């Protein structure tokens, strides 16, 4: 059973610090410390600086299953993700260089008080369904006011993104002046990257001085397989082999392009069993205390509680959920620095509610809306276990 917890590192050993290093290496300024031990001069001098995020690639999982593989051989070290350890919180940090406390995106389901709605942030729709932000007349640029990393750096920036999300409202709001290169497959992702690494031709001939570039690549398939089949499944292990084979071919093809490639992840995963599910349908007294459905993640849920029910809510969680779920006031989560350094997003208290429910071991919280199909995820993430928080950082110089 997964019991050990890891506090996210925002002071020099985490994803936030990696992004600070990359911003500085491409001529930008950042308010957070760079990643301790990562040579900034090597990143700065490279013509091409490439970051590949493999969604769901946990450090512990990689070490167990491919200790002699290409990624492990290129491993620079282990860093921490953010909290909650989920794409909806970590990728905004990658795209902005801001902590979750600053960008205010605190899980797959986030309450936007300014809209009076719980949103599925990445698809950009209300939790109960319906049209996207833009189709509803909401400008994503005004909803997400943070500045894109592509507008913070002083070089050309490119986002190499899966086609099915490349033009989403969320991506557009975080694109800034970055160039978009959509792809359909793992092979095409690296093909698009190779085209961008080669010097652009000017007046029919290559430029004498290569243009400095920053490329952000995102690969989601490992995370999807983990959710559907389990991160310990044969399908997930087979896909790891596919990733390493495609990466090896890319490194050979990219030789001579003066490139530094960093491979990292937004979070890891753990597998759960049906008996690990804590279904709020069996806890109506707890639900009666809530003003909204639980937000956030099954492994890190934000509870918005009726003012007259706070003590009742606390007592119920302690007596009925017991050792399965830890309860923290949201203000304590912020004060403890779990969301990172500030300044805080102006709506952060809306986004985190009154309490954080943190399932221990491999437990998950489930609350389904009327007419909503219960999620069937095997692999999950969002919590503070080592397997969810710790991610590998690999470095390659083709």
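The values are calculated or read from the model by the stated rules, or taken from the named source; none is laboratory data. Here the structure is a predicted model, which means the values were calculated and not measured. All Cβ positions, even for glycine, are placed from backbone atoms using ideal geometry, and neighbour counts span all protein chains on display.
Computed values, structure above
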quantity	calculated
Matching residues, segment 9-48, being under 15 Å from residue 393 (Cα atoms) and part of a loop (DSSP other than H, G, I, E, B)	9, 12, 13, 34, 35, 36, 37, 38, 39
Exclusive hit being within 26 Å of residue 228 (Cα to Cα) and not in a strand (DSSP E or B), set 57, 95	57
Hits in segment 63-79 - residues which are touching a strand residue (DSSP E or B) at 6+ places or on another chain (Cβ under 9 Å) and surrounded by fewer than 23 Cβ atoms within 10 Å (Cβ to Cβ)	63, 70, 71, 72, 73, 74, 75, 76, 77, 78
Qualifying residue in segment 320-331 (condition: without any contact (Cβ under 8 Å) to a residue 12 or more places away in the chain, within 26 Å of residue 269 (Cβ to Cβ) and outside any loop (DSSP other than H, G, I, E, B))	yes
Among (1) over 25 Å from residue 387 (Cβ atoms); (2) touching a strand residue (DSSP E or B) at 6+ places or on another chain (Cβ under 7 Å); (3) in a loop (DSSP other than H, G, I, E, B), the one test that residue 232 misses	(1)
From 215, 237, residue being in a helix (DSSP H, G or I) and touching a helix residue (DSSP H, G or I) at 6+ places or on another chain (Cβ under 8 Å)	237
Matching residues in segment 176-190 - criterion: being assigned to a loop (DSSP other than H, G, I, E, B) and more than 20 Å from the chain's Cα centre (by Cα)	177, 184, 185
Residue among 392, 341 that is touching a residue at least 40 places away in the same chain (Cβ under 8 Å) and touching a helix residue (DSSP H, G or I) at 6+ places or on another chain (Cβ under 6 Å)	392
Test: residue in segment 241-264 that is under 24 Å from residue 376 (Cα atoms) and buried (at least 19 other Cβ atoms within 10 Å of the Cβ)	no
Single residue of segment 60-84 satisfying the filter (part of a strand (DSSP E or B) and more than 26 Å from residue 191 (Cβ to Cβ)) that is farthest from the chain's Cα centre (by Cα)	77
Sole residue being outside the structural domain of residue 241 (by the TED database) and either at negative phi or touching a strand residue (DSSP E or B) at 6+ places or on another chain (Cβ under 9 Å) (or both), chosen from 36, 7	7
Residue 301 being in contact with a strand residue (DSSP E or B) (Cβ under 9 Å, 6 or more places away or on another chain), touching a residue at least 60 places away in the same chain (Cβ under 8 Å), not in a loop (DSSP other than H, G, I, E, B) and not assigned by the TED database to the domain that holds residue 57	yes
Counted residues, segment 265-293 - those being surrounded by 19 or more Cβ atoms within 10 Å (Cβ to Cβ) and in a loop (DSSP other than H, G, I, E, B)	8
Residue 296 vs. criteria at positive phi and surrounded by 15 or more Cβ atoms within 10 Å (Cβ to Cβ)	yes
Residue match in segment 353-362 (condition: out of contact with any strand residue (DSSP E or B) (no Cβ under 6 Å at 6 or more places or on another chain), over 16 Å from residue 300 (Cα atoms) and not in a helix (DSSP H, G or I))	no
Entirely in segment 101-175, the helices (runs of 4 or more DSSP H) that have 3 or more residues that are buried (at least 19 other Cβ atoms within 10 Å of the Cβ), in contact with a strand residue (DSSP E or B) (Cβ under 9 Å, 6 or more places away or on another chain) and in the same structural domain as residue 296 (by the TED database)	none
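For every residue, the table says whether it meets (1) over 22 Å from residue 388 (Cα atoms); (2) in contact with a helix residue (DSSP H, G or I) (Cβ under 6 Å, 6 or more places away or on another chain).
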| residue | (1), (2) |
| --- | --- |
| 6 | no, yes |
| 9 | no, no |
| 17 | no, no |
| 22 | yes, no |
| 32 | yes, yes |
| 37 | yes, no |
| 43 | yes, yes |
